[in-house]
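Below is one structure, written out as structure tokens, with a few remarks after it.
Derivation of every value follows stated rules applied to the coordinates shown; laboratory data play no part. What you see is a predicted model; the values in this text were computed from it and never measured. Note that we place each Cβ from the backbone using ideal geometry, even for glycine, and neighbour counts take in every protein chain shown.
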Amino acid sequence: MACASAEHARGITRIEHEQLVRDLQHIPDDRLDWVPMGKAKTPRQIVVECAGAYRWLAAKLGNAPDADEQWGAVCGMSPGTREATVELLGGCWDELVAAFDGVEEAMLEEKRQVFWGEATVETLLFFCEWHTTYHSGQLNYIQTLLGDTEMHMEPPA
């Protein structure tokens, strides 16, 4: 059974994951691959990156040596439909949930090499919550650029 820190991280990350899925629902199908200002990531690329981060963190929590390559592999995917994009995100989310469930108290102070240096497992538990929140805001901003100025946030269940 997961330790309390992992349970907490899973809970707050789930809230942000669900918000990301809601945000994507408010991007029209014909704009999923739109490149804002001709340079930015498309809404689909943003969601795929979040899926990659979920897989990366799951691999890091499991101390897999190829975690960085797994993130890159997911980010290189190009799901052709909204449904396939959401399915990819959901599958990677399931991997992350399983990884959260495998974190035990004794693991929290273990160190992992990450692209910004070194971090403890306890610190890494909260990476995807922060990362998903960041990208959820990007989708929300793109939604406003497309003329939808409504706030589509819902309180956590």
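At a Förster distance of 22 Å, what's the computed FRET efficiency of Ala98 paired with Thr133, Cβ-Cβ distance as r, to 0.05? Show your work: numbers first, answer last.
Numbers: r = 22 Å, r/R0 = 0.99.
In this case the efficiency is close to 0.50.
Out of Val114, Leu96, Phe127, whose Cα points farthest toward the positive end of the dipole of segment 86-132 (charges: +1 Lys, Arg; -1 Asp, Glu; placed on Cβ)?
Val114
Using only the alpha-carbon atoms, how far is helix 43-61 inclined from the longest principal axis of the chain? Give it as 0 to 90 degrees, nearest 10.
0 degrees
Which option, (1) 0.98; (2) 1.05; (3) 1.32, is the value of Cα Rg over 2.2 N^0.38 Å that was calculated from these coordinates?
(2)
Specify the longest stretch of the chain that does not include any exposed loop site, a site being one of the chymotrypsin sites (Phe, Trp or Tyr not before Pro) with a non-H, G, I, E, B DSSP assignment and at most 13 other Cβ atoms within 10 Å.
On the way: sites that count: Phe115, Trp116.
That gives 1-114 as the longest site-free run.
To make sure I understand, if each residue's beta carbon is the centre and we count other beta carbons within 10 Å, what order do Ser78, Ser5, Ser136 fall in, fewest to most? Don't jump to the answer; show the numbers that get you there.
Values: Ser78 11, Ser5 17, Ser136 23.
Ascending number of Cβ neighbours within 10 Å: Ser78, Ser5, Ser136.
In segment 116-157, which residues have a backbone nitrogen under 16 Å from the label point lying 7 Å from Arg22's Cα in the Cα-to-Cβ direction?
132-141, 143-144, 149-157, by backbone N distance to the label point.
Sort Val47, Val97 by Cβ crowding within 10 Å, fewest neighbours at the top.
Going from sparsest to densest Cβ surroundings: Val97, Val47.
Using a ≥ b ≥ c from the Cα gyration tensor of segment 88-140 (square roots of the eigenvalues), is it rounded, prolate or oblate, where a/c under 1.5 gives rounded and otherwise the larger of a/b and b/c decides, a/b for prolate?
Oblate, since a/c reaches 1.5 and b/c is not below a/b.
What is the order of Thr133, Thr149, Thr13, fewest Cβ neighbours within 10 Å to most?
Thr149, Thr133, Thr13
Work out how much length Asp30 to Glu105 would gain on full extension: take 0.36 nm times their residue separation and subtract the Cα-Cα distance, in nm to one decimal.
Using 0.36 nm per residue and subtracting the Cα-Cα distance, I get 22.4 nm.
What FRET efficiency do you get for Trp116 and Thr144 if R0 is 30 Å and r is their Cβ-Cβ distance, rounded to the nearest 0.05?
Here the calculated transfer efficiency is 0.50.
Starting from the 7 Å offset along Cα-to-Cβ, what nm value, one decimal, do you get for the label separation of Asp68 and Met151?
Distance between the two pseudo-spin positions: 4.0 nm.
Treating the beta-carbon of each Lys and Arg as +1 and of each Asp and Glu as -1, no other charges, what is the dipole magnitude of the chain about its Cα centre, to the nearest 20 debye?
So the dipole magnitude of the chain works out to roughly 460 debye.
For segment 113-157, run through the GluC sites (Glu not before Pro) and keep only the ones in DSSP coil with at most 15 other Cβ atoms within 10 Å of their Cβ. Spell out each step's value before the answer.
Working: sites: Glu118, Glu122, Glu129, Glu150; in loops: Glu150.
For GluC sites (Glu not before Pro) across segment 113-157 that sit outside H, G, I, E and B with at most 15 neighbouring Cβ atoms in 10 Å, the list reads Glu150.
Among Thr144, Thr85, Thr42, which one shows the biggest mean-square fluctuation in a GNM of the chain, springs joining Cα atoms closer than 10 Å?
Result for the chain, Cα springs under 10 Å: Thr144 fluctuates most.
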